């Protein structure tokens, strides 16, 4: 494909499309003549004895098996298959029959069958203390609270696990955890990007919209339509307009001497690429300059797709126009609650009380502000879209109108030919990709690895799914049974036996399946940057419970934000606001929060589907020395001494259990208490000695990992 | 031996990445799998497949340079006042610029018809190479026979931030990996106790391209440049909290590691072992970083030579620090010295103001750095690169169409001067030439992508094979361009 694909078609030969591959090449010979392998130049050349003429050039010859396969294929008529991702899933797919009755729900037989075929044996179930920590981290991103742990570990109810899962799914913290995946995709940040990276101080309302949508379990089809085309919905609500800020997370260039049109187009193309990556698992960005090297997308088809996005009002202006004066969903809710409280006050004739004044002040303080949004240009000032030759915006080719690339399912006639229609098409029954891609993203969030590993790419260069039937079965259930409910999908996954396996690994499993592709054991991966911060604050009791609100600036070292002379200071948040969850930390593209960068957050200039997880000494320095973690160790030590019982050993066990939901083993306890006594001997106070023990707990591998 | 190892890695890699890799292998080549083992860091599970192929296997050929020290003069110094001597321009001083030089050009500030501006300082020829150097660099003139001048470097960008990004990431927009990220991704680091890609900043605040100049972009974060700060912790969070002594820290890490070993006994997870190693490394770095950055240790004659004053934020200190880091095996040492912009629009940003001061700040120190590397025998395998993100116009800048109160020049990317030394580059040569007023190249123009390709070449990397897959395509530092300029190589 490198030599005879979409970019290079050496000797005028490209195998990308059936029609081009069957044409005569430059030599006049046809590479492939269906049913006639002996006359096909392709076969002749791969068998050639002269290495100068033998294909593939400069490489080892193909094996006999490979040659036979190609001959057989041509002999049978050289049928062009369609890549699996573009074929609709089989409606009749169902969990396979397996020997025995391993499993709790429909997911398990798929997994069991595959692991057996790989000669793997499933691990035993995870311990309850492990399971509740895992479920809580996966659903709300935080460790479970003491009450929940107590309730679960002491319960003898058969469905106690399900109760916990339901309780977690109902938590307001659910949206905070799941929003972070979405914000990476939406390339959300609190600044505009490029050189000046001017702040976008009001865009957080969109972030809150996302959190709220997850909390409300907004069906994913609606979630899609509102973000891509909320402005085009008839009688749209303010929230639907706010949702369109999704595509205003593109960057705006405020630098002198730059052409607004150039950067407007950069934003429009980014919207297209981002949309295709998120919903279709398609890496369309290549096609800006040329036909896709591997996937069957033609150069002009990119611009047909771009036409859907090319008709909005924003134009890289310095004021980030257009904007709308909006409240966040939560602000509106608060405002209406306060309003009814105020009116109750009045009816009590209590209008001058202090409470009234406080409520009134609060009511007044909640004011809408200008959030960048998407608006469509009126018909009479619509933009033309043309093909840019080689991707250069100054070199215009033919004019195109909004259209879907031919390798994807057609758009139904009754959908409008605009962004709204595009959004409806993405979540229509005819489009098999969206549900697969989304289900795979959710699966990846939970298991740390997608059924298709390349979550961002389902094209011909993607990795094949490890469990194709399971992916299709889940995708269909997501649409039909779960009615696009993310929460139901998550619950179904978590109720499977597969999910509940212990993550300890046997030597045999490690040898046969080092990366746990076949899920014969529970998965194990490092927590996200946000989770690592949130967990330390939660365990030590420092975490602010506040949900929603504008972005905050927790302490960071002096000088970090000293980025450019033009704009903005890091104004340290005070009180509770310095202990909010990581998702609320102010996100400036040129300088994201330093401890989060080290734990692999993207800088959010572009859509990122999967964070890479590294393991570095700089991370150790953060969890040992960053003032946030030092403060957490101190607070945890405080809890241990004051609430952990009389003896240091009891106090240590208390702290350990608070962190990991289980008591330390005897030797672990011995090591920790040895450290404590060592510190006392070195003239440390009890508090300082316990602080070091707490620091150890907050740095344990088991804690940094989701196990 | 090496070939055998590479072959083995090839097949291992292809087995793992089967289809994706099989189809793309001829262009992906070693580059994609050459992720070095930086500081012994690791990438977990699946990503490891694409990543953790150790160290030297990233080399595509025998390197001439082990390390690189890149001295970036952010703000863009005027080549016409330093190296590119144009006597004719003196004759044109004050004359109106001919329209042929303005047609179809885009300037950052020049409007209407500006006047030509002659060289503001006098020039002389030095060394056996008879290289022209202006009076502003009285020290540097001593080392002209050690360097290769590149007099017709060309960039595509005419604003500071995009041009700096272009120089260091190969793209004018933020979001791509920094030069050193690519290099450490490809080669790893010699020293496991120090970061492989270190950034030192002096002058007025940070360069306008911001931290994106040394971010890891879409590469794993372990390849990001680590800024060694002059004030506060040299590396963020390297110091223990108050009340935690080094003894206590040792005990704390011992305890963490003992508990992690216990954890490993039951989990059997390889990543737990890796974490134990990371904590040991972190502990070592807490020693090595302060040790490496403590320039006070240096003898007096060295301080004299560089003009260093320990404790200050200065280019001189950073030059000395760069030598110390190179000695310790840090692969990519990036210096930024900011404040070169000289438009003539105020009493600071002009050729007789800030520019003059910058020359004083760098002349002695950069000369000392080259001499010092040479006297230690390090110049043979350390590549030193000097230059701004673009050059300046032969016209006087005239924002708003009126003349500026001070002498200054606008941004100019068609042709400007950089110099290189060491690391297998020819000594005492000049590559590239500009026309009589220093506006356009007349021969041997060298594009930024050529410069990048050439630098990578000296480090043992084929720039076309150092790739990383992102958003469906394989990205390179040199995008789809760049030629190694063999004429400047020894």
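Values in this text are rule-based calculations from the coordinates and carry no lab data. The shown structure was predicted, so the numbers you read here are calculated from the model rather than taken from an experiment. So basically every Cβ, Gly included, is an ideal-geometry build from the backbone, and we count neighbours across all protein chains shown.
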By Cβ neighbour count within 10 Å, fewest first, A:558, A:295 rank A:558, A:295
Remind me, relative contact order of chain B in percent, using alpha carbon pairs under 8 angstrom and six or more residues apart?
-> 27 percent
Rounded to the nearest 10 degrees, what's the angle between the helix A:260-280 long axis and the longest principal axis of chain A, both from Cα atoms, 0 to 90?
-> 90 degrees
Using per-residue counts of other Cβ atoms within 10 Å, averaged over each peptide, order B:369-381, A:441-453 from highest down.
-> A:441-453, B:369-381
Length-normalised contact order for region B:388-452 - Cα pairs under 8 Å, 6+ apart - percent | 28 percent
Relative to chain A, whose Cα atoms define the longest principal axis, helix A:128-139 and its Cα axis are tilted in degrees, nearest 10, by 60 degrees
What is the average number of partner chain Cβ atoms found within 10 Å of a Cβ in B:171-178?
-> 4
Considering only DSSP beta bridges where both residues belong to chain B, give the percentage that are antiparallel (nearest 5).
-> 45 percent
Where the Cα pairs of chain A fall when distances are cut into 20 Å bins, in % | 15, 44, 33, 8, 1, 0
In vacuo Debye scattering of region B:230-351, one point per C-alpha: log10 I(q)/I(0) at q = 0.11, 0.12, 0.13 Å⁻¹?
-> -0.59, -0.67, -0.74
Over chain B, the sum of -39500 (n - 2.57) across DSSP H runs of at least four, divided by residue number and rounded to 500 deg cm²/dmol, gives at 222 nm -11000 deg cm²/dmol
Descending packing, highest mean Cβ count within 10 Å first, for A:602-615, B:343-356, A:526-539 is A:526-539, A:602-615, B:343-356
Ranking A:379, A:132 by Cβ neighbours within 10 Å, fewest first, what do you get?
-> A:379, A:132
Any idea how far the Cα center of region A:689-707 sits from the one of region A:183-247, in Å?
-> 37 Å
Give me a single rounded figure for A:694-700: the average over its residues of other chain Cβ atoms within 10 Å of their Cβ.
-> 6
Mind pulling the per residue volume of the convex hull built on the Cα atoms of the protein assembly as shown? Å³ is fine.
-> 210 Å³
Once you sort the root eigenvalues of the Cα gyration tensor of region A:624-706 as a ≥ b ≥ c, which label holds: rounded (a/c under 1.5), prolate (a/b larger than b/c) or oblate (the other case)?
-> rounded
Stokes-Einstein D for region A:10-81, Kirkwood Rh over Cα pairs, 10 °C, 1.306 mPa s (µm²/s) | 128 µm²/s
Relative contact order for chain A: what is it in percent, counting Cα pairs under 8 Å that are at least 6 residues apart?
-> 16 percent
Quick one: B:399, A:706, fewest Cβ neighbours within 10 Å first, how do they rank?
-> B:399, A:706
Starting with the highest mean, order B:219-232, A:100-113 by the number of other Cβ atoms within 10 Å, averaged over the residues of each peptide.
-> B:219-232, A:100-113
Using only Cα atoms, tell me the angle between helix A:107-117 and the longest principal axis of chain A; keep it within 0 to 90° and round to the nearest 10.
-> 60 degrees
Would you list the P(r) distribution for chain B, with all Cα-Cα distances sorted into 20 Å bins from 0 and each bin expressed as a whole %?
-> 23, 53, 22, 3, 0
What average number of partner chain Cβ atoms lie no more than 10 Å from the Cβ of the residues making up A:503-514?
-> 2
Bridge type composition, the protein assembly as shown - antiparallel percent by DSSP, nearest 5 = 60 percent
